[in-house]
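K.L.:
First, the structure itself, so that you have it in front of you.
The values are calculated or read from the model by the stated rules, or taken from the named source; none is laboratory data. This is a predicted model, so every value here is computed, not measured. A quick note on method: Cβ atoms are made from the backbone with ideal geometry, for glycine too, and the neighbour counts reach across all protein chains shown.
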Amino acid sequence: MLSGLKEYSGNVTAVVTVADDGGSSGRLRESLNMVAPGDLTDCYAALSDSPALARLLLHRFDRGEGLEGHTFGNLLLATLSEEQGGLATAMQDIHDILRVRGRVYPATTVPATLVARLSDGRVVRGESHLSSCLGSEQVREVSLEPADLPALPEVIESIYAAELIVLGPGSLFTSVMPVLLVPAIAAALRSTPARLVYVAPLMTEPGETTGMTLEDHFAAITAHLGRAPDYILANSAVIAPYIKAHYAAQGAAVLDTRRSSRNLRGRILFAPLLKHEPVAQARHDPEALAQALHSLLERMHQVA
């Protein structure tokens with residue numbers, strides 16, 4: 001989404017979850033007591049105006065003692081965080097070095113742990129442990145520890161300055177929700193007059209959203225945030241049978257957008273958002289998604 005939006009505007013701000021505790025992010029977080037850098041790295045790469053830097057940020061070392069599994073971007077963010085005493089004070093340098101068109105901020109600057117309560121009553125702590133604990137159970141509620149996480153002032157300012165706030169696309173409980181659980185961010189999202197649009201995923205996610213419909217996604221966001229999205233942007237393009245079969249083998253399916261209440265149907269905007277790829281993967285097309293969001297913004301201006 002960000003790589004598509006940057007072709008329309010340099011006035012884009014991404015606010016990113018930093019609750020990941022697995023892989024490269026988890027190792028750096030544990031070693032340096034820093035926020036997880038992985039999702040930040042992805043967003044910096046998407047908004048960088050330098051193709052070479054974007055490529056280097058995502059380079060993952062597959063050998064080297066202590067380096068294997070880390071991305072160059074994660075190591076760069078860890079270096080700047082160490083050198084300046086935390087990512088909060090390194091933000092401007094990061095944006096300048098990476099030639100970012102727009103801004104990317106962590107949802108909080110304090111290491112946070114995702115806590116999920118499952119339908120069978122169990123409580124799971126840590127994003128990396130969630131998928132392995134889900135069988136027939138579903139996630140009922142998520143929260144962050146500690147509960148009183150701070151947000152950067154720049155994030156709150158960006159929310160109040162925004163014309164349109166986009167939630168997603170991404171994993172519902174492990175990518176979208178953690179940002180909404182930071183108290184100051186949630187309060188700002190509830191009080192801003194800006195419209196909220198949720199970009200619905202193309203497919204369900206094994207374990208995390210198995211069996212959930214678009215209505216369920218909408219209800220979960222509304223319950224956790226305390227405000228309902230004004231719009232839902234959903235894909236209308238047909239997903240090929242071989243792609244469905246590929247996902248079915250992993251326990252996933254096309255997200256059901258048909259079983260929707262009248263309240264939800266009035267908020268759904270359909271557009272062909274599927275990226276056509278030779279591989280059996282369902283992904284959003286960056287240009288199509290950016291165009292759909294830009295068209296929504298233009299329509300809002302016309303109404304205003």
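K.L.:
So how many residues does segment 261-279 have that are closer than 23 Å to ILE243 by Cβ and either assigned to a loop (DSSP other than H, G, I, E, B) or among the basic types (Lys, Arg) (or both)?
P.N.:
Adding up the residues that qualify gives 7.
K.L.:
Out of all the residues in segment 143-174, which are hydroxyl-bearing (Ser, Thr, Tyr) and in contact with a strand residue (DSSP E or B) (Cβ under 9 Å, 6 or more places away or on another chain)? Steps first, answer last, please.
P.N.:
Taking segment 143-174 and keeping what is hydroxyl-bearing (Ser, Thr, Tyr), we get 143, 158, 160, 171, 174.
SER143, SER158, THR174 - these are the residues of segment 143-174 that are hydroxyl-bearing (Ser, Thr, Tyr) and in contact with a strand residue (DSSP E or B) (Cβ under 9 Å, 6 or more places away or on another chain).
K.L.:
Being more than 14 Å from VAL197 (Cβ to Cβ) and either at pLDDT 95 or above or among the basic types (Lys, Arg) (or both) is the filter here; which residues of segment 257-281 pass it?
P.N.:
Within segment 257-281, ARG258, ARG259, ARG262, ARG265, PRO272, LEU274, LYS275 meet the criteria.
K.L.:
With the condition being over 30 Å from THR209 (Cβ atoms), in contact with a helix residue (DSSP H, G or I) (Cβ under 7 Å, 6 or more places away or on another chain) and among the polar types (S, T, N, Q), I'd like the helices (runs of 4 or more DSSP H) fully within segment 17-129 carrying at least 2 qualifying residues. Can you show your working first?
P.N.:
Numbers: elements: 23-32, 38-47, 51-57, 72-84, 87-97.
So the answer is 72-84.
K.L.:
Right, SER31: without any contact (Cβ under 8 Å) to a residue 60 or more places away in the chain, surrounded by fewer than 24 Cβ atoms within 10 Å (Cβ to Cβ), of a type in the set (S, T, N, Q) and more than 24 Å from GLU145 (Cβ to Cβ) or not? Reasoning before the result, please.
P.N.:
Details: without any contact (Cβ under 8 Å) to a residue 60 or more places away in the chain: yes; surrounded by fewer than 24 Cβ atoms within 10 Å (Cβ to Cβ): yes; of a type in the set (S, T, N, Q): yes; more than 24 Å from GLU145 (Cβ to Cβ): no.
No; evaluated as a whole, the condition is false for this residue.
K.L.:
Select, from ALA237, ALA282, the only residue that is in contact (Cβ under 8 Å) with a residue 60 or more places away in the chain, of a type in the set (A, V, I, L, M, F, W, C) and assigned to a loop (DSSP other than H, G, I, E, B).
P.N.:
Details: ALA237 fails: in contact (Cβ under 8 Å) with a residue 60 or more places away in the chain.
Exactly one residue qualifies, and that residue is ALA282.
K.L.:
Taking segment 204-230 on its own, how many of its residues are of a type in the set (Gly, Ala, Ser), at pLDDT 90 or above and crowded, with 18+ Cβ neighbours inside 10 Å?
P.N.:
In the first step, residues of segment 204-230 are kept if they are of a type in the set (Gly, Ala, Ser); the result is 207, 211, 219-220, 223, 226, 228.
From what's left, at pLDDT 90 or above: 219-220, 223, 226, 228.
If we keep only those that are crowded, with 18+ Cβ neighbours inside 10 Å too, we end up with 220.
Number satisfying all stated conditions: 1.
K.L.:
Separate question: Which of the following residues is surrounded by 16 or more Cβ atoms within 10 Å (Cβ to Cβ), touching a residue at least 12 places away in the same chain (Cβ under 8 Å) and assigned to a loop (DSSP other than H, G, I, E, B): ALA151, ALA147?
P.N.:
Working: ALA147 fails: surrounded by 16 or more Cβ atoms within 10 Å (Cβ to Cβ).
Every option except ALA151 fails the conditions.
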